[in-house]
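Enquirer: Have a look at this one.
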Amino acid sequence: MNTITKQKINVGVDTGKSQLDIYIRPLDIFFCVENNERGIKEAIVELKKYQPERIVVEATGRLEMPFAMACAEAKLPFVIAHPVHIKRFAGAIGRRAKTDKLDAKLIAHFSEVIKPDLTQLKPKAMRAMSDLVTRRNQLLSMQTMEKNRIQIMPKDLAMTIKPILTALGNQIKKVEEKILKMIELTPEFKAKDQLLQSMNGVGKVAAASIISNLPELGYMTNKQAAALVGVAPMSKESGRYKGHRKIQGGRHQVRTVLFMAVMSAIQSNPVFKSYYGKLVSAGKPKKVALIACVRKMVIVLNSMLRDGVMWEAPKALN
């Protein structure tokens, strides 16, 4: 075992609905367990023997969370990796074949070469809040789809949609009540919520999304905050070529909510309304002006949380 621990062990985990495929590099060990409580326990016991430097699991829409949480409890170093990053790595090394074993092997190779930063799970209350906000977004999406269908279906079939809309509306209301209750019962959340909602345009859902999905806000520079949300324009230049700067990456859950908050702010908040109008009058496309407003909102909210002050409307935004 001493010779094993001297090697830098990297583990790749391909997550399926019913199974975890695990590859240990460079020992060329592959095994499978069921993706349930019993199987995950078996995997953790086995992986502990090798003292891995990093365990990388691909993000697959929450199927990976029970395993990731088990790694956290066992104090094993783990990474929840973005699927796009792994896919790009596969393209870079010319990997096209695809099986569960090869995917696990690829992820372990990605871990060894790229050495992605370790993932830090949010505190339990913050994860619960994030889950509630995510569930609300899912319900809203289903509600929108059903509303679109009711407009194009014959009247006799439209009647089958109305009960579903009623049920979805009730569930959305229940989730929102749980969000408000959690904020009310958690002093840290309540304090942040009051500061965030003091800005016209930021409502209870936007505040809850920021609290749960952007806990770093208030503890970083304005540039870092804008980049983390994904509203910082990235340069695209090479030699004489000067491309348009574009936004990319970031936390799309928060960005989507903040876009909605800005849409509200340019109607109800005179400062943002003026700033948006100024950008459009200067010839900026409306979408670019909206992104600039989101970036400005992130910067202002970051300063408010950092300094612990309520929104105080300036004469204008620079």
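The values are calculated or read from the model by the stated rules, or taken from the named source; none is laboratory data. Since the structure is predicted, the reported quantities are computational estimates derived from the model, not experimental observations. Here the Cβ is made from the backbone with ideal geometry for all residues, glycine too, and neighbour counts use every protein chain on show. Quick note on the areas: whole protein, heavy atoms, side chains included, nothing else; ligands and nucleic acids left out. Shrake-Rupley method; radii C 1.70, N 1.55, O 1.52, S 1.80 Å.
Enquirer: Which pairs do you get when a residue that is within 20 Å of LEU121 (Cβ to Cβ) and touching a residue at least 60 places away in the same chain (Cβ under 8 Å), found in the range 33-62, comes within reach of a residue that is open to solvent by less than 30 Å² (accessible area, probe 1.4 Å) and aromatic (Phe, Trp, Tyr), reach meaning Cβ atoms under 9 angstrom, with the pair 6+ apart or on two chains?
Expert: ARG54/PHE78; VAL56/PHE78; VAL56/PHE110
Enquirer: All but one of (1) farther than 19 Å from TYR23 by Cα; (2) open to solvent by less than 30 Å² (accessible area, probe 1.4 Å); (3) among the small types (Gly, Ala, Ser); (4) over 18 Å from the mean Cα position of the chain (by Cα) hold for SER111; state the number of the condition that does not hold.
Expert: (1)
Enquirer: So LYS49 fits all but one of (1) open to solvent by less than 70 Å² (accessible area, probe 1.4 Å); (2) within 17 Å of ILE9 (Cα to Cα); what number is the exception?
Expert: (1)
Enquirer: While we're on this one: Kindly indicate which of ARG96, ARG88, ARG62 is open to solvent by 70 Å² or more (accessible area, probe 1.4 Å), of a type outside the set (Gly, Ala, Ser) and within 14 Å of the chain's Cα centre (by Cα).
Expert: Checking each option against the conditions leaves just ARG62.
Enquirer: Select, from VAL254, VAL231, VAL202, VAL271, the only residue that is at pLDDT 90 or above, under 21 Å from the mean Cα position of the chain (by Cα) and under 15 Å from LEU301 (Cβ atoms). Reasoning before the result, please.
Expert: Numbers: VAL254 fails: at pLDDT 90 or above; VAL231 fails: at pLDDT 90 or above; VAL271 fails: under 21 Å from the mean Cα position of the chain (by Cα).
Going through VAL254, VAL231, VAL202, VAL271 in turn, the sole match is VAL202.
Enquirer: Would you check if there is a residue in the range 142-154 being modelled with pLDDT of 85 or more, in contact with a Gly (Cβ under 8 Å, 6 or more places away or on another chain), open to solvent by less than 40 Å² (accessible area, probe 1.4 Å) and closer than 26 Å to GLU176 by Cα?
Expert: yes
Enquirer: Can I ask one more? Looking at (1) in a strand (DSSP E or B); (2) in contact (Cβ under 8 Å) with a residue 24 or more places away in the chain; (3) open to solvent by less than 60 Å² (accessible area, probe 1.4 Å), which is the one condition that is false for PHE30?
Expert: (3)
Enquirer: Still on this structure, I have one more. Any residue in the range 263-281 that's polar (S, T, N, Q): show its pairings with residues that are part of a helix (DSSP H, G or I) and at pLDDT 90 or above at Cβ separation under 8 Å, as long as the two are six or more apart or on different chains.
Expert: GLN267/LYS273
Enquirer: Can you confirm whether the range 169-185 contains a residue that is assigned to a helix (DSSP H, G or I), small (Gly, Ala, Ser) and closer than 28 Å to ILE55 by Cα?
Expert: no
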